[in-house]
Structure formats: structure tokens, C-alpha cells
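Taking it in order: structure first as C-alpha cells, then the write-up.
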């Protein structure tokens, strides 16, 4: 016995009657291992999901909870990004905000800006390395490994954002 406790299901509710579907849902909630579930059944995802991992913009994004939590967090992030783009910028020469996958800093305005740019590059490289690691199934092999992987990714994302915020404060 390898000690593995992983269940992989692809569209498990297809062709099930209501009674069988409810029995499946109950069994999945009682399952103590890791569950990888691919389904269009949003009610099932919401009922048994404790973490949703979505493939968005060619990257893995991890959300706590089931389908409803995923939708709520995704909408909140989209709303925040939209508000950030629409927020008026000071000065008449301000170009309109345009979403880009990677930001590129303008010419430095102070001596510390070059150091901040190197910090941004290092933070982005660290985030990319973590995202590459997350493509390995071992990163999701146990609930603990998945939690560690998710936490590392979230921290690396926050580190990149914080570096950009420090750079923005220096550049203004």
C-alpha cells in the first residue's frame, strides 16, 4: 500500500438519478483524502468543494471554498481591477490604464527606483518559479501539500504586488 488517498472524478454526476447523486455527494463529503473533481455540476462543486483551483490566463489560481466562493472571489477581484483602471490618475499627462500581464516601470525618478525594479524582477521570478512548481502534481498530493503550495503562491503574489506598490510610491 502506497498510503495514497486521492480520488479523481470526471463528471461523476452525469447519468445519475437524484437518489444516486445525493448518495455520491454524501460519500464525497465523508471522504477523508484528497479529491480532484472535474464537473459542470455547480451544486456538487459547492456542496463538497473546500478549495477550487481554476485555470485562468494560463495560470493556476486557488480559491478557498466551493463554486459560490470561487465566483464571489473572482467577481471581487475583477471589480477591484476595474475600479483600479477607472480611478482617475493625477496630472494631465497620465495615460489611460491598460491591463497588461506584466508591468514595466518608467524611467527612475530617484536613486532607489533601480533597486525597487530589481526587487520587482526578483519577486516576479519567484512567483514564476512557484507557478512552475504548482504544475507538478506532487504540489497537490496531500491536503497539507496543497495548502502549503497555495499559501506559497498567495504569498508570492502578495510580494509582487507589494513591490509594485513600493515602486509606485517612489515613482510618483
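Selection of first residues in segment 21-41 that are over 17 Å from residue 67 (Cβ atoms) and of second residues that are surrounded by 17 or more Cβ atoms within 10 Å (Cβ to Cβ), restricted to Cβ pairs under 9 Å at least 6 apart or on distinct chains, gives the following pairs, ordered by first then second residue: 31/48; 34/140; 34/146.
Conditions tested, residue by residue: (1) outside any loop (DSSP other than H, G, I, E, B); (2) closer than 30 Å to residue 33 by Cα; (3) modelled with pLDDT of 85 or more; (4) under 14 Å from the mean Cα position of the chain (by Cα).
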| position | (1), (2), (3), (4) |
| --- | --- |
| 115 | yes, no, no, no |
| 119 | yes, no, yes, no |
| 123 | yes, no, yes, no |
| 130 | yes, yes, no, yes |
| 139 | yes, yes, no, no |
| 145 | yes, yes, no, no |
| 154 | yes, yes, yes, yes |
| 167 | yes, no, no, no |
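Of the listed requirements (1) surrounded by 12 or more Cβ atoms within 10 Å (Cβ to Cβ); (2) within 22 Å of residue 133 (Cα to Cα); (3) modelled with pLDDT of 90 or more, residue 8 misses just one: (1). All of (1) more than 21 Å from residue 163 (Cα to Cα); (2) surrounded by 10 or more Cβ atoms within 10 Å (Cβ to Cβ); (3) at pLDDT 85 or above hold for residue 63 with one exception: (3). Number of residues in segment 126-143 that are without any contact (Cβ under 8 Å) to a residue 40 or more places away in the chain and farther than 12 Å from residue 4 by Cα: the value is 10.
The values are calculated or read from the model by the stated rules, or taken from the named source; none is laboratory data. Predicted model, so just to flag it, every value in this text is computed and none were measured. In this analysis, Cβ positions are derived from the backbone assuming ideal geometry, glycine residues included, and neighbour counts consider all displayed protein chains.
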